[in-house]
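One structure is given below, encoded as structure tokens.
The values are calculated or read from the model by the stated rules, or taken from the named source; none is laboratory data. Please read these numbers as outputs of a predicted model, since none were measured by experiment. Heads up, the Cβs are rebuilt from the backbone with ideal geometry, glycines too, and the neighbour counts pull from every protein chain shown. For the accessible areas, the whole protein counts, side chains as well, though only heavy atoms, and no ligand, DNA or RNA atoms are used. Shrake-Rupley method; radii C 1.70, N 1.55, O 1.52, S 1.80 Å.
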Amino acid sequence: EYDRGKLSQQEWIRISEKYKGKKVVFFVGRHVTYKGLTYLLRAERFIKSDCVILIGGTGPLTKQLKLENQSARVEFLGRLSDEALLAYHYLADVFVLPSITKNEAFGLVLAEGMFCETPAVTFVIDGSGVNWVNLHGVTGLEVENGNVEMLAKAIDELLTNDGMRAEFAHNAKKRVEENFLVGQIDSKLKSLYQELIG
């Protein structure tokens, strides 16, 4: 279920055993305003499912975010090694990228999570590529920008609907494989150049 070339069995066991039997909601990114982490933490109180919310990364807002959120089911993981990041991506049931502005131009970490067969929940962001990466109702769910109750509802929907989650997970990996891997991008660029000069 994971790339054994990049993720050791020992690391996988260490991380997966810690959260055994729990549904996992995962975020990773720099803790800055446009990443919208505040909205995910506000949404936590509306999430009805039994889950843990794992927050990877650090940034200028980390200390403030920890002070504002004392929920027992939220865990700040800090900076993650490449191997640990891969493990958390595969462990996660839902990846949430709550970015709120087009400063989030694409969301590389979103594509990484999707490649690991993790359906995503994102906000609708005018002028951002995020909503081109994560397709609503295909690879994950999109909700109204900044609406924490809708964000919580979308997370709950994926956590409680195993069939939907599995379908989106499959579609998410397929979308990345077909559109965002280096080979695919190279091929599309060559085709575009040929069209332009031809």
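Brief remarks follow.
- Pairing each residue of segment 63-92 that is of a type in the set (S, T, N, Q) with any residue that is at pLDDT below 95 and surrounded by fewer than 17 Cβ atoms within 10 Å (Cβ to Cβ), provided the two are 6+ apart or on different chains, yields C-beta distances under 9 Å for S81/E11.
- Test: residue in segment 99-107 that is farther than 20 Å from Y19 by Cα, of a type in the set (D, E, K, R) and in a loop (DSSP other than H, G, I, E, B): yes
- Scanning segment 122-139 for residues that are outside any helix (DSSP H, G or I) and under 12 Å from the mean Cα position of the chain (by Cα) yields T122, F123, N134, T139.
- Filtering segment 108-121 to residues that are farther than 20 Å from H31 by Cα and not in a loop (DSSP other than H, G, I, E, B) leaves M114, F115.
- Here T160, T118, T139 are screened, and the one residue that is modelled with pLDDT of 95 or more and out of contact with any Phe, Trp or Tyr (no Cβ under 6 Å at 6 or more places or on another chain) is T160.
- Sole exception among (1) out of contact with any Asp or Glu (no Cβ under 8 Å at 6 or more places or on another chain); (2) under 26 Å from A166 (Cα atoms); (3) open to solvent by 10 Å² or more (accessible area, probe 1.4 Å) for V94, by number: (3)
- Restricted to segment 1-77, the set of helices (runs of 4 or more DSSP H) holding at least 3 residues that are closer than 25 Å to T160 by Cβ comprises 9-18, 37-43.
- Checked against the criteria, V133 counts as open to solvent by less than 10 Å² (accessible area, probe 1.4 Å) and either over 17 Å from L37 (Cβ atoms) or in contact (Cβ under 8 Å) with a residue 40 or more places away in the chain (or both).
- Scope segment 80-101; condition of a type in the set (D, E, K, R) and at pLDDT 95 or above; matching residues: D93
- Failed item in (1) of a type in the set (D, E); (2) modelled with pLDDT under 95; (3) over 21 Å from H170 (Cα atoms), with E149 passing the rest: (2)
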